[in-house]
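A.B. asks: Would you mind keeping the following structure in view while I ask a few things?
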Amino acid sequence: MNGSGLVVEIQGITKRFAGHTAVRDLSLSVRSGSVYGLLGPNGAGKTTTIRMIMNIIVPDKGRVTLFGGSATGRDLSSKIGYLPEERGLYKKMKVFDLVVFLAEAKGVDRRSAKHDAHLWLDRLGLSDWEQKKVDDLSKGMQQKVQFISTVLHAPELLILDEPFSGFDPVNTQLMKNVVVEMARAGTTVLFSTHIMEQAERLCDSVCIIARGQKVVDGPLAEVKRNHGGSHVIVAVEQGNAEVDRLLQDPSLVAKADNYGQYAEVELVEGGDAQQLLHRLVSTGARVGRFEIAEPTLHKVFIDLVGREAAEARAEEVKTDA
Amino acid sequence: MRKVWVVIRREFTEKVRNKWFIISTLLVPLLMASAIVLPILLAERGGGHRAIAVIDMTTTEFGLHVTDRLDAAERVTATRIKTEVVDMEETADSLTELVGLKRLDGYLVVSDETVEDGRAEYRGANISSLTDMQAMERLLRQAVLVERLDRVGVDPELVQRAQIPVTMQTIGIRGGKLTDESGEARFFFAYTVWFVLYIAILIYGVQVMGSVVEEKTSRIIEVLVSSLRPFQLLAGKVLGVGTVGLFQFMIWGVSAWVLIRHRDVVLGVLGIEVPTGSGFRLPNVTAGTLAIIVTFFLLGYFLYAAMFAAVAAMSSSEAEARQAQTPVVMLLVLPSVLLIGLLQQPDSVLAVTLSLIPFSSPIAMPVRWAAAEVPLPEVLASVGLLLIALWLVTWIAARIYRVGILMYGKRPNLKELLRWVRTA
C-alpha cells in the first residue's frame, strides 16, 4: 500500500441515463486508510457513482483513478471488496462452493480461496452449513455469506453500497465490527449510506451528494465545523465586566445564556469561535472551559440537503414555466 | 482467461450435479435398451400369435389351400370350417362371438368368387396391425394366383418357380466407393442426426438462457460483473453449458454404440434368446462424419446460445424470457420442420439452400452429409457463412447482454435495443 496516497480519485464524472442525469460533474478523493462515507438521500446518485468506481458502468465524462493507476475496478477486483446494494447469491449452490467461486472470480487462486473460505465461514459461525445449499439458509445466514464473499480475499479497499440497510441488526453489528477491524488494520473503506448516525460513528471523511451533485466533502470534523460550530460553551473563573461586555458584543455574539457556572453562546453567522477565545483570554479572565458544541452530522445533512432540494425544486418550476 | 475457466468450471459442475442432468443421462440409455429388448420380448412371448378360422364356401380345393398356406405361416394357426353359402351368416355369427371371447383373433371368408374376381373378407380384432393384414393379403394373393394358373392348365412346378420372390438390397456409394450400409440404415442415421442436433441445440441453448435469467433474478449479477467482464461471463457460460452438452451426448453415444454392438450380451443378461437373422446394422459412422456433426453442433449451439443469452438479458424474469424466446426458437424450428421432409431428397434446391443459410445450416448440413454425399466446397462454404454469422450475432448479443444484465423493469423495444447495441 502506498502510505498516504489516494486510493480512489474521481475527477468530474457525469453519467446520463435516458431522460435524466444521475451524476453530474462529481469529484472526490479517498485517502489510503480512511473510512469514507458517501452520503445522500435516496436517488442522489450514490449507487451510480459506486458502479462507476467499479467500472460496472462507464461515465460519460470524467475519470476514475484507483490506486493511482489506470487499471479499472474489474481489473483490480482482487484488491477490492465490493458489496453491492442489490445483493444476491446462487440459490442452488452449496455455500462453500459459492464462496470459493466468488473468490476465484476475483482472481484468488483456488487453494487459498478454499483455505480462507473455511476460515471465514468458521469465524461467522457457518461452518456447519458449508455443504448446505444457499436456499436452505436463513436470510440472516445468507447475508453473512454475502458479506464473507466481500471480505474473504483481504481487499485493500472495501466498497460497500448501503451496507447497513437490508441486514438484520445482529448482522449489522457483526459486520460493523469486521469493517472497523479491517479499517484499523489499514484497509480503506468507502461506503454509502443515508443513515447519518452510522456515518458519524464510522467515518473520518465524508462526501454529501444530492441530485447527482456534490454538496460538500472533506474530513468529517471540517465539514461539521464549516456547517455549524456556531455554539460555544464558555466558563470563566472570576468573571468581570469586560467578559460580560464581550458576550454581548453584537458583532460576534448573537445570543448568550449565562447559567452562572457556564454560558452557552451562539455566535453570529460567520462568527469565529477562535476570535471569541482570543478576546476572552485578552480580558485577563481565566478560561476554565471553552468548547465548540458541534452539530450532529444529521443536522448538517438536513441543513444542506434540505436547502439543496428546495433550490432544485425552485429551478424545476422555473424551467417548466 | 483464467476467469473464463473459473466460470466454465462452475457452470459445468453445477449442471452436472443437478439431479435432472443425472436422471436424463441415465434415462436415455435405459430407453435405448428397452427399444432393443421390448420388440424381441413381445415377439417371443407369443404376443404375436394369431388363431384364425377360414370359412370355406368354395366348391373346390381352394379353401384348403388357403388354410394350409396360412397355417404354414409363422405365428399363425388356421382352422378350416367348411360351410354352404346359405349357412355362412350363421357360422360367421358364432365365430364373431368367439372373437368377442378372445378365443379367436378373426376369420377369413373365401368363396368361389375369391378366385374369380379376387374378393375375400377378413373380420377380426387385429385388423389395425398393418403387417399382419399385409402378410395375410400376400398369402391370399399367392393362393389365388396358383389356383387361377392351375385352372388354365399351367404346370404347377412352373408356377412354383414363377413365385420365387425378388428382394432388392440397397447399397450406398460414398466417395466413389461402395459402402456396406443399406438405404434404410442411411435414412435412419440421417433422421437420428436431425433429431439429435435439433434437440441438443434447443435444449442447451435454453439452458444458457435459464442460467442468465437466474443470475439476473437472483441479483448476483451485480457481484459478478464487478469482478468479471460481461464477455468473460458470457463466454464462460456458453462454453460451460456446451461442455455439459458434449459430455452428455458422449455418454449417450457410447452407451448406444455398446448396446447395439453388444446386443447379444444385453439380451443374454436378461435371459432372452437372441433372434437370428434380424440383426440391426450399426450405421457406418466415419471419423469425418463425426467431425462434421460435432463441428456443426458446436457452431450452431454457439450461435443460438448467444441469441438465447441476449433474450435472457432483455428479460427480468423467467416467464418473460420464455415469452421473448419465441422468435429465436422459431428460427430453429421452422427450417428443421422443413428439413424432415427433405430427408429423402438431400440434394434438392431447398435442402442445399437450408444447408447454406447460417441459422438452418447447423442442422441441415450434417443431415445432408448423413443422407448423401455433399461436395466439400459446399461444406466449406456452409462453415464459412456460419462463422461470419456467428461473429456478427455474438457481437450484437454480447452488447445487448452487457447492457441488459443490469437493467430491470420493462422489456426494451427495438429502438431501445438498437441504442443498447450502439452505446455499449
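A.B. asks: Residues in the range A:158-178: is at least one free of Cβ contacts under 8 Å to residues at least 60 places away in the same chain, within 12 Å of another protein chain (Cβ to nearest Cβ) and crowded, with 16+ Cβ neighbours inside 10 Å?
C.D. replies: No: zero hits.
A.B. asks: Which residue is surrounded by the most Cβ atoms within 10 Å (Cβ to Cβ), if the candidates are limited to the range A:97-107 and must be more than 8 Å from chain B (Cβ to nearest Cβ) and touching a residue at least 24 places away in the same chain (Cβ under 8 Å)?
C.D. replies: Only one residue tops the list, namely A:Val99.
A.B. asks: Please count how many residues of the range A:276-294 are in a strand (DSSP E or B) and farther than 17 Å from A:Ser230 by Cβ.
C.D. replies: Residues in the range A:276-294 being in a strand (DSSP E or B) and farther than 17 Å from A:Ser230 by Cβ: 4 in total.
A.B. asks: I would also like to ask the following. Hey, among B:Ile22, B:Ile81, which residue is in a strand (DSSP E or B) and at pLDDT 85 or above?
C.D. replies: The conditions single out B:Ile81.
A.B. asks: Also, quick follow-up: What strands (runs of 3 or more DSSP E) completely inside the range A:157-211 contain at least 1 residues that are in the same structural domain as A:Leu38 (by TED's automatic domain parsing) and under 21 Å from A:Gln146 (Cβ atoms)?
C.D. replies: Counting at least 1 such residues, we get A:157-161, A:188-193.
A.B. asks: Right, next: Scanning for something part of a loop (DSSP other than H, G, I, E, B), of a type in the set (D, E, K, R) and facing chain B (nearest Cβ under 10 Å), does the range A:120-132 turn up at least one residue?
C.D. replies: no
A.B. asks: On the basis of being crowded, with 21+ Cβ neighbours inside 10 Å, among the aliphatic types (A, V, I, L, M) and within 14 Å of chain A (Cβ to nearest Cβ), does B:Val223 make the cut?
C.D. replies: Criteria met by B:Val223.
A.B. asks: Just to check your reading of the model, which residue among B:Val421, B:Val374 is outside any helix (DSSP H, G or I) and away from chain A (no Cβ under 14 Å)?
C.D. replies: The conditions single out B:Val374.
A.B. asks: Turning to a different aspect of this structure: Which of the following residues is closer than 17 Å to B:Gln207 by Cα, in the same structural domain as B:Leu197 (by TED's automatic domain parsing) and surrounded by 22 or more Cβ atoms within 10 Å (Cβ to Cβ): B:Val311, B:Val329?
C.D. replies: B:Val311
A.B. asks: If the requirement is being at pLDDT 85 or above, open to solvent by less than 90 Å² (accessible area, probe 1.4 Å) and in contact with a Lys or Arg (Cβ under 6 Å, 6 or more places away or on another chain), which of these qualifies: B:Asp68, B:Asp56?
C.D. replies: So the residue among B:Asp68, B:Asp56 that is at pLDDT 85 or above, open to solvent by less than 90 Å² (accessible area, probe 1.4 Å) and in contact with a Lys or Arg (Cβ under 6 Å, 6 or more places away or on another chain) is B:Asp56.
A.B. asks: A:Ile50: outside any strand (DSSP E or B), closer than 30 Å to B:Leu234 by Cα and modelled with pLDDT under 90, yes or no?
C.D. replies: Judged against the criteria, A:Ile50 is not a match.
A.B. asks: Working only within the range A:238-271, note down all residues that are assigned to a strand (DSSP E or B) and exposed (fewer than 12 other Cβ atoms within 10 Å of the Cβ).
C.D. replies: Once the filter is applied, which keeps residues that are assigned to a strand (DSSP E or B) and exposed (fewer than 12 other Cβ atoms within 10 Å of the Cβ), the range A:238-271 yields only A:Asp257.
A.B. asks: Of the residues in the range B:383-424, how many are free of Cβ contacts under 8 Å to residues at least 60 places away in the same chain and closer than 16 Å to B:Thr353 by Cα?
C.D. replies: Final tally of qualifying residues: 2.
A.B. asks: Checking A:Arg110 against (1) within 14 Å of another protein chain (Cβ to nearest Cβ); (2) open to solvent by 20 Å² or more (accessible area, probe 1.4 Å); (3) under 18 Å from A:Phe167 (Cβ atoms), only one condition comes out false. Which one?
C.D. replies: Looking at each condition in turn, A:Arg110 falls short on (3).
A.B. asks: To continue, here is another question. Could you count how many residues in the range B:251-265 are of a type outside the set (A, V, I, L, M), open to solvent by less than 90 Å² (accessible area, probe 1.4 Å) and touching a residue at least 24 places away in the same chain (Cβ under 8 Å)?
C.D. replies: Counting residues in the range B:251-265 that are of a type outside the set (A, V, I, L, M), open to solvent by less than 90 Å² (accessible area, probe 1.4 Å) and touching a residue at least 24 places away in the same chain (Cβ under 8 Å) gives 3.
A.B. asks: Checking A:Met141 against (1) buried (at least 19 other Cβ atoms within 10 Å of the Cβ); (2) closer than 17 Å to A:Met93 by Cβ; (3) within 28 Å of the chain's Cα centre (by Cα), only one condition comes out false. Which one?
C.D. replies: (1)
A.B. asks: Have a look at A:Ala154, A:Ala183 and point out the one that is on the phi > 0 side of the Ramachandran plot and open to solvent by 10 Å² or more (accessible area, probe 1.4 Å).
C.D. replies: A:Ala154
A.B. asks: Here is a follow-up. Quick check on my filter: what residues within the range B:1-44 are out of contact with any Gly (no Cβ under 8 Å at 6 or more places or on another chain), among the hydrophobic types (A, V, I, L, M, F, W, C) and either in the same structural domain as B:Arg261 (by TED's automatic domain parsing) or open to solvent by less than 40 Å² (accessible area, probe 1.4 Å) (or both)?
C.D. replies: B:Val16, B:Phe21, B:Ala33, B:Ile36, B:Val37, B:Ile40
A.B. asks: Among the listed residues B:Gly236, B:Gly242, B:Gly210, which satisfies the condition of being open to solvent by 10 Å² or more (accessible area, probe 1.4 Å), touching a residue at least 60 places away in the same chain (Cβ under 8 Å) and either within 12 Å of chain A (Cβ to nearest Cβ) or assigned to a helix (DSSP H, G or I) (or both)?
C.D. replies: Only one candidate qualifies: B:Gly210.
A.B. asks: Now, a different point. Tell me the residue from B:Leu104, B:Leu108, B:Leu98 that is part of a loop (DSSP other than H, G, I, E, B) and in contact with a strand residue (DSSP E or B) (Cβ under 9 Å, 6 or more places away or on another chain), please.
C.D. replies: B:Leu104
A.B. asks: Given (1) within 28 Å of B:Val166 (Cβ to Cβ); (2) surrounded by 15 or more Cβ atoms within 10 Å (Cβ to Cβ), where does B:Thr91 come up short, assuming only one miss?
C.D. replies: (1)
A.B. asks: Now for a separate question. Enumerate the pairs (first residue in the range B:130-148 and assigned by TED's automatic domain parsing to the domain that holds B:Thr77 and of a type outside the set (Ser, Thr, Tyr); second residue anywhere and open to solvent by less than 40 Å² (accessible area, probe 1.4 Å) and outside any helix (DSSP H, G or I)) with beta-carbon separation below 6 Å, excluding pairs fewer than 6 apart on the same chain, so at least 6 apart or on different chains.
C.D. replies: Note: pairs meeting the criteria are B:Asp132/B:Asn126.
A.B. asks: Still on this model: Tally the residues that are in contact (Cβ under 8 Å) with a residue 24 or more places away in the chain and within 8 Å of chain B (Cβ to nearest Cβ), restricting the search to the range A:52-72.
C.D. replies: Residues meeting the conditions: 2.
A.B. asks: Scan the range A:111-164 for residues that are of a type in the set (Phe, Trp, Tyr) and within 24 Å of A:Gly73 (Cβ to Cβ) and jot them down.
C.D. replies: Within the range A:111-164, A:Trp120, A:Phe147, A:Phe164 qualify.
The values are calculated or read from the model by the stated rules, or taken from the named source; none is laboratory data. Since this is a predicted model, take the numbers as computed values, not measurements. Note that each Cβ is placed from the backbone with ideal geometry, even for glycine, and that neighbours are counted across all protein chains shown. Just so you know, the surface numbers come from the protein's heavy atoms only, side chains and all, with ligands and any DNA or RNA stripped out. Shrake-Rupley method; radii C 1.70, N 1.55, O 1.52, S 1.80 Å.
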